[in-house]
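Participant: One structure follows; several queries about it will come next.
What follows draws every value from the coordinates through simple rules; no lab data is involved. Only a predicted model underlies this, so the values are computations on that prediction, with no experimental measurement involved. Cβ atoms come from the backbone with ideal geometry, glycine included; neighbour counts cover every protein chain shown.
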Amino acid sequence: MNITIDTAQASTLRIKPQITHLLFVLFMCLSSMETSPHSKHSASIIRLFDRKGKRLMWRKLLDICSLHRAITNLIQNSIVHNPEGCHILLQTMLSSDQQHARLIVTDNGKGVAKQLLPDLLELPYSSKRVAPVQNGHGLGLPMVARIATAHRGRLLLVSDIGKGMTVEILLPRSS
């Protein structure tokens, strides 16, 4: 099951875009994680190459601070919800239609039941929320969804019990 949040579901967030590389944002997030004392967790970035062997470096108008906040939140979610440890993988690539840049954070932790995924995007005080918040405040993923929407993108969640969690921020290639 894939869960998506679009502009119709998110409130407006003001961003201050500047031209940057997506990999730069991921490296910033990874470096801030490496300074934390969580020795049971590891992380890596996959650098992807195109068919001609050139490294994919997409320059986009992005709000570095808000994307850093979003990706860092996703990394912290992996750490907090997998206290026994997990590996966190950060990736960036183009979508199959070449129209979207994909920022992907995946862990191999305990995962979340598919039926609970929609609830993770609801604010903790929302009447739409079914289950109570566990191990956190419940504000992180809704905030990440709003950041994606502010960049005219979407947030996708894929998970199941025992299969880890994948969160993808899908951004249009042209700003």
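Participant: Could you list 158, 167, 80 in order of exposure, starting from the residue whose Cβ has the fewest other Cβ atoms within 10 Å?
Facilitator: Numbers: 158 19, 167 26, 80 12.
Listing 158, 167, 80 from fewest to most nearby Cβ atoms yields 80, 158, 167.
Participant: For 29, 86, 65, which order do you get if you count the other beta carbons within 10 Å of each Cβ and list the fewest first? All intermediate terms of the calculation are to be shown ahead of the outcome.
Facilitator: Values: 29 26, 86 22, 65 14.
Listing 29, 86, 65 from fewest to most nearby Cβ atoms yields 65, 86, 29.
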